[in-house]
Every structure is written in C-alpha cells, then in structure tokens.
There are 2 protein chains.
Amino acid sequence: MDGTEFDLIKSYFAPLTQNYPEAYNLENDAALINEDADRSTVVTMDTLVEGVHFFSTDPADDIARKVLRVNLSDLAAMGARPKGYTLSISYNASISNDWVKLFTQGLAEDQKKFQCNLMGGDTVFSVGPLTLSLTCFGSVPRGKCLYRTTGEEGDDIWVSGTIGDSAVGLKLLKEEINSNYPAATSFLIDRYRVPQPKTELGIALLEQGISKTALDISDGLLADVNHIAKGSNLQARITSSRIPLSKAFKDVFETALGPDICLAATGGDDYELLFTSHRKNRQELIEISDKLNTPITRIGVLAKGTGVLLLDEENREIPVDQYGWEHF
Amino acid sequence: MDGTEFDLIKSYFAPLTQNYPEAYNLENDAALINEDADRSTVVTMDTLVEGVHFFSTDPADDIARKVLRVNLSDLAAMGARPKGYTLSISYNASISNDWVKLFTQGLAEDQKKFQCNLMGGDTVFSVGPLTLSLTCFGSVPRGKCLYRTTGEEGDDIWVSGTIGDSAVGLKLLKEEINSNYPAATSFLIDRYRVPQPKTELGIALLEQGISKTALDISDGLLADVNHIAKGSNLQARITSSRIPLSKAFKDVFETALGPDICLAATGGDDYELLFTSHRKNRQELIEISDKLNTPITRIGVLAKGTGVLLLDEENREIPVDQYGWEHF
C-alpha cells in the first residue's frame, strides 16, 4: 500500500464518517454516541479472517459488505436499528490502494442501504492473513431487546428467507460440488459472500411486540434452533419439509448430492432470522412479511422436553449426525 | 486449545461479564448499553498484533493489560469514565488453555482497577499471528469531550508522567542496547509492556473544565504535539530540558547512547496525557496532580505559527530528523 496510514485514513476512511459528526473526521482519539434518553445502544462485534471466513480472491467490496452485514445481522437478531460501526483492519503486503478503494466503496454503498456510519477504528500492519474486526452499534427502546432464552411452550418457530444457500455456495466456491446451472451457481455463491441481514424484520418483531425470542442463523439452522430450545428449557420440533429451500439450492444441490435436507439444516452462514412467536400472531406476522417483502416460514414448534427433533411428514424423527458448526 | 469455543467462552470469558448483566452472560447476539440521559458514550478501538505491538514471549496477563489499557488511554484522552469493552481474539494453534487462563486473569484484575467490564466479543481461529481487537466504551457529560484541535494561543502545554521509558524498554527487549542497571531495566521494560492510562487525570481535565485539548502520546511526544499544533493552527514550542525523564531512562539510556533527548521526544508508546490549558489554571492543575498522585510537567507553549519547535535552554532550535512514529 502506498502512502502513510494517515493518508489512507484521510483519503478512504474519513469520507465514510461524513454523516456522523461525532466521529470528528477520525481526527480525535474516539467518537461519541449520543443516545436518546428513551433508547439503549446495542453493541456487537464480529471478526472475519481471510482463508477462514472469506477467500483472498473474493471481491474487496463483497468482503466489506460481509464484515458489515454479519454484524448487522446480529443487530437484527436483537431488534435494533443500525446506527454505526468501528472497524479494525489488520492488513498485509498484498493489500493495494485499489483494494482499499473498492473495499471502502462497498462500505459506502452499504452505509446508505442500512443507514449506518463509520465512527472510528484502527489500521495495523500484520504479516498474517487479512483480519477484519467490526464493532457495530444499534439502537433499541430503552432496556428492550430480543433474547435467545425466552421461547415459550407452544410458540411457533419461524425462519426468514431460504436456508442452506450459503452452505451450497461455499461448496461450489471450494469446487467440492459441480453445477450445471450457471445462474443458480452465481446466486448461491452470492448468498455465501454477501449476507442479507433482516434488519426491518428484526425491528418489527421487537417494536411491535410480536416476538421476544430471536437469533440470526450463523452456526446452522438446527444448532441455532438448539440455542433457543436449550435457553428456553424446551424442545424444538422442526418439520423437515417446511424448511424453506431456494430453487437454486434444489437445482444445484439435489442434482449433485441427492435430496438430503441435512446440509440446509446444518450448513450455517445463512444470516436469516430464526424467531418464535405465539400462534395468535400468525396473521400479523404474515402481514409484516408482506409489507416488508421479506418471506417468512413457520417451520416448527416449541414443546415440553429438551433438544431438537427434525421430523418427517409423519412426525418420524430424521437422524442428524450433528446440529451444525461447532466453533473451535 | 482444548474444548470448543463455547467451552472457552463459558469457562473464561463469561465470568468477566458478571458485573454487567446487559452482556447476558455472552449468551445473546449482542449487549446493551444504557447510558444516563445526561451522558454520552465514548467509543474507541485499537488492535494489537503479535510481533508488531507485543512479543509472543510476553506474559499473557501483560498482553491482556496492554490491549485494554491502550484503549483506556484513548478514553482518558477524551476525558471519559471507563465503562466496558468488547474483545475479539484471532488465535492460532500456539494458544493453550493455560494462556487463556492467564490472559483472562489479567483482564479480571484490570477490570477491577479501572471499573470496566467485558460486554461481548468474538473468538476466531487464524493461521496468522495472535491479533487482539478491543473496542472500549466510556462515558462523558452529554456531548462534551476533549479534542485535539482546540488549543489556544498562549496555552501552556503539559504532559503527565515521564516520557521515553517505553521506547528504551523496547530497545532493551530487542537487545539493541545493554544496561548495567537491572532494576531500571525491569522498570523500563514494564513501561513498554504495560501502559498506565491516566484515567482520573483525563476525567478531571474535562469535568472540572481545566482543559479542552488533550491526546494520549502513542506516536511519540513531538508527533503528538504536532497533532495538536496542526489541529489548532498554532505553533508548539517545547523546551527540551523540561521533558520529564525517569531516573531509569537517564541511567540506562544516557549510559548506553549518550545524552540525546530525541529518543524520548520521538519514541512513542508512552500513553501519557498531553494537554493544553490556559496559564491561569497552573495552580489548580498542580493541586489536581497532587490529589491524584499523578505527576504533570509544563513543557511548552502554543504560539502563533505552525509546526513544532524543540528548543534548548537559550531557545535555540534543536534539529529533529522526524517527529516520531509514522503509521504505515
């Protein structure tokens, strides 16, 4: 990278704070957050490492979107309105000015889309892989948020969007499977590279009091269902055939590997919202879904018991080796 | 490291949130910050990389203190009261459970000392060097903080503590110089490894209205003086003989390299506060210094002009090759 760190910050990062005066153009030691008296600030932090969470060949603007959006997805799971973020970049000799330019373009576009601003951060040189840490800030009604532990017996279990696309996208990128469907392939890879956080849905769930319990699916559907089941001291019963799959997923995956639901159910990196709600809210949820143009599907129910059951059409249990991604 | 990431978080990191219920025992997607209506939240983020900002042989508890304290030092430079932090750890195969245990012990001790709590974070595996990103939160009277750009003509320039210790400590660690003073050597290396953020002094400067202008010295005294001079459109005149040096610095450094002030003036990593104040506040500042048991020294003045002059006793300019550390 040419120029000093100061030049880099001034040219590429300071402009990202232009709508956030309390970032002081990145020229002070820190930024201020002035929260309204009736609101709380939500804070979350996620790190992406080259070779682990993205590929060095991924476009720089997609990497930017991914690191911002995995955090925005956590905010959505809290029901929070995005506000801003701080970003730390540990870069190495392979990072060029052009890369930084494209990376910050990706951030600029997403800042508009999600109404959030750069507030501060750090850039450091490292001999290791490109490592991006982002701390993201949102806002909720004071003291209120969605939890993972507040599901109630009889609650419906819902999920947004489609499940498993990202897991297949990753398999395609790693060339573990082949596809004869170029458009589907592109769609699935894009689903892996660029999460679509369900920001407006999360806000509606919290602020309209439709749900108390949500998380965003990153570990895999069943692993994340298990977080809610365990936290709520209940059993989650998921009807396999209800898990929403995209046409691209079906075309590519079933052609390559046969009709096995387990990849979708355990794949991870979906960044869809998983939430529970009393059955009386079904109609209201469908109206919210229509209004936000965000598909949601009822996939199961919370019941007495423990763990997660994946059931077929006749409520027979489908064996699953493991729920999904175990952090290591 | 043995066990899953979940085990690690539960055993070592969740206990660090015990005094911060809004961290939800690290079991939710994010944490809440409930700021008082008459306060603002201050946010800063710094990253340390193994081999760049610390050595792999440094004790794990010292590394923990360093990553927390470089951020607390930024809060001090804003005049903020520490509140909490989120931490992201990109670790590699060399990190053992014992290392994590000692690391979190270091954090626990500093949490008590500085009254701040873990609020959240992330742990990810990396093939690269250990990389620690910490986002730190403080609190200031609503909308108020110390700036780098608000120095006024005639303001005294002050600095806390002693300058240059850390730069000599680093030279000793890297065996670029030798020392015949074991106690001084240990003191200087400790100054490099474990910053001493001037939290109470920063709070007093802001909340008692003694200063509007401060930063913490990380790039090197002259480089940081230049930030204030440039930001305030003034010239900073520093009297070389007034720069406060520790006995250890004098013993080790002057013995090894002769009486050259430049290492102190340009060395960096001091994490002392540099601030300006109207001359009418001199007596009050000395009283604050006494009360907090935090030595401060008046080292120069802001005047019409640009840049930084380093002056000898007869106000002759001492040539300095460069102000200090340039970020790259």
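The values are calculated or read from the model by the stated rules, or taken from the named source; none is laboratory data. Quantities reported herein were computed from a predicted structural model and do not represent experimental measurements. Please note: Cβ atoms are built from the backbone with ideal geometry, for glycine as well, and neighbour counts cover all protein chains shown. Accessible surface is based on the protein model in full, side chains and every heavy atom, while ligands, DNA and RNA are left aside. Shrake-Rupley method; radii C 1.70, N 1.55, O 1.52, S 1.80 Å.
Taking the simple approach of a point 7 Å from Cα along Cα-to-Cβ for both B:Asp98 and A:Asn97, what is their distance in nm?
Once both label points are built, they end up 4.9 nm from each other.
Can you count the Lys pairs in the stretch A:5-141 with C-alpha separation below 15 Å, eight or more apart or on different chains?
Working: A:Lys10/A:Lys101; A:Lys66/A:Lys113; A:Lys83/A:Lys112; A:Lys83/A:Lys113.
Number of lysine pairs found: 4.
How much solvent-accessible surface does B:Leu188 expose, in Å² to the nearest 10, with a 1.4 Å probe and all protein chains in place?
Roughly 0 Å² of B:Leu188 is accessible to a 1.4 Å probe.
Kindly give Rg over Rh for the stretch A:156-311, based on alpha-carbon atoms, with the Kirkwood expression for the hydrodynamic radius.
Taking Rh as the inverse mean 1/r over Cα pairs, Rg/Rh reads 0.98.
Once the label point is set 7 Å along the Cα-to-beta-carbon vector, what list of distances in nm do you get between A:Glu153 and its counterparts in the other copies?
When each copy's label point is compared with this one, the spacings are 7.9 nm.
For the stretch A:1-154, build the convex hull from the C-alpha positions and give me its volume per residue in Å³.
Details: hull volume 20.0 nm³, N = 154.
With only Cα atoms used, the stretch A:1-154 gives 130 Å³ per residue.
With a 1.4 Å probe and every protein chain kept in, tell me what percent of the accessible surface of the protein assembly as shown is carbon plus sulfur.
Its accessible area is 47 percent carbon and sulfur atoms.
One decimal, nm, shortest first: give the distances between the label point of B:Asp7 and those of the same position in the other copies, each label point 7 Å from Cα along Cα→Cβ.
Inter-copy label distances (nm, one decimal, shortest first): 4.9.
Which residue in chain A puts its Cβ closest to the axis that rotates chain A onto chain B, and at what distance in whole Å?
A:Gly128, 1
Pop out the ³J(HN,Hα) list for the stretch A:279-296 in order, Karplus 6.51 cos²θ - 1.76 cosθ + 1.60 with θ = phi - 60°, rounded to Hz; leave Gly and Pro as x.
4, 5, 8, 3, 5, 5, 5, 5, 5, 4, 4, 5, 4, 8, 6, 10, x, 9
Cut-off under 25 Å on the C-alpha distance; same-chain residues fewer than 8 positions from B:Lys304 excluded. Which lysines are left, in chain and number order?
Partners within reach: B:Lys212, B:Lys230, B:Lys280.
Wrap a convex hull around the Cα atoms of chain B, take a quarter of its surface area, and give that in square nanometres.
17.5
Determine how large the accessible area of B:Val308 is when every protein chain is in place; take a 1.4 Å probe and give Å² rounded to the nearest 10.
Accessible surface of B:Val308 is approximately 10 Å².
Take every DSSP beta bridge whose two residues both sit in the stretch B:5-141, then give the antiparallel share in percent to the nearest 5.
Numbers: 20 of 29 bridges.
Antiparallel: roughly 70 percent of the beta bridges in the stretch B:5-141.
What are the ³J(HN,Hα) couplings of the stretch B:211-219, residue after residue, when phi is run through the Karplus curve with 6.51, -1.76, 1.60 and θ = phi - 60°? Round to Hz, x for glycine and proline.
Once rounded to whole Hz, the list reads 8, 10, 10, 7, 8, 9, 7, 10, 7.
Between the alpha-carbon centers of the stretch A:174-213 and the stretch A:267-285, tell me the distance in whole angstrom.
14
Grab the eigenvalues of the alpha-carbon gyration tensor for the protein assembly as shown, scale each by 5, take roots, and send me the semi-axes largest first in whole angstrom.
Details: eigenvalues 484, 122, 100 Å².
Result for the protein assembly as shown: semi-axes of 49, 25, 22 Å.
Using a 1.4 Å probe and ignoring any ligands, DNA or RNA, find the accessible area of A:Trp99 and quote it in Å² to the nearest 10.
Result for A:Trp99: roughly 40 Å² accessible.
List the accessible area buried at the contact between B and A, summed over both sides and calculated with a 1.4 Å probe, in Å² to the nearest 100.
Values: alone 15710 and 15650 Å², together 26460 Å².
In total, this chain pair buries about 4900 Å².
Amide H to amide H under 5 Å from B:Asp122: which residues, 5+ apart in sequence or cross-chain, H placed 1.01 Å off N in plane?
For B:Asp122, the qualifying residues are B:Leu87, B:Ser88, B:Ile89.
Quick check for you: with a 1.4 Å probe and neighbouring chains kept, what is the accessible area per residue of the protein assembly as shown, in Å²?
Ligands and nucleic acids excluded, the result is 40 Å² per residue.
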